[in-house]
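These notes concern the structure reproduced below.
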Amino acid sequence: MAADTDTVAVIETKFGKMVVEFYDVDAPKTVANFQKLTKEGFYNGTAFHRVIPNFMIQGGDPLSKQDPQGGSVGTGGPGYTVPAEIKRDHKRSTLATARLGGPSNPQKNSSGSQFFINVKDNDFLNGDYTVFGNVIAGMDVADKIVAVPRDGRDNPNDPVVMTKVTLVTRAAALK
């Protein structure tokens, strides 16, 4: 299914750019939150702190700005969660929110900032996490990120930072 609006995000890394379209109709609160944080520059300088081959790449933790491989990376956020908006499946290239699992989060509320990009179809996640977008250009960048050497906690040995995340029109991003 196509995106609902003409606004896209461009995520810049040392491996290149990824362009992400949004599913505003199915995940309006999640999209609005991601776009708000992007406009504030929240994601600039955060790292993809968790990369798992044949699964996904995860980023958006502000704690990764200071120490991308620190012990607390993966636990940070803006200080709030976003209500779950679980409607779409986890296919290759979809963008989804991270969240706390288990009995501490029965409503499946989403992380306020952390997200992941599926690098393959992950149907086992369907019904558990909010999918709010899709990579429409630069999936080869995600494939490069997921293939970097990593430590025992799935942190890249050499940090992969989102140098800049911006919102632009689809036409501007794809020119």
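Any read-out appearing in this document is the output of simple, stated calculations on the displayed coordinates, not a laboratory observation. It should be emphasised that the depicted structure is a prediction, and the values quoted were computed from it without experimental measurement. Reconstructed Cβ throughout: ideal geometry from the backbone, glycine too, with neighbour counts over all protein chains shown.
Worth a mention:
- If only residues of the range 86-109 that are touching a Phe, Trp or Tyr at 6+ places or on another chain (Cβ under 8 Å) and outside any loop (DSSP other than H, G, I, E, B) are counted, the one that is farthest from residue 29 (Cα to Cα) is 95.
- Among the residues of the range 115-157, those that are touching a Gly at 6+ places or on another chain (Cβ under 9 Å), crowded, with 21+ Cβ neighbours inside 10 Å and not β-branched (Val, Ile, Thr) comprise 115, 116, 138, 155.
Okay, residues lined up against (1) under 27 Å from residue 157 (Cα atoms); (2) hydrophobic (A, V, I, L, M, F, W, C):
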site: 30; (1), (2): no, no
site: 55; (1), (2): yes, yes
site: 66; (1), (2): yes, no
site: 78; (1), (2): yes, no
site: 96; (1), (2): yes, yes
site: 99; (1), (2): yes, no
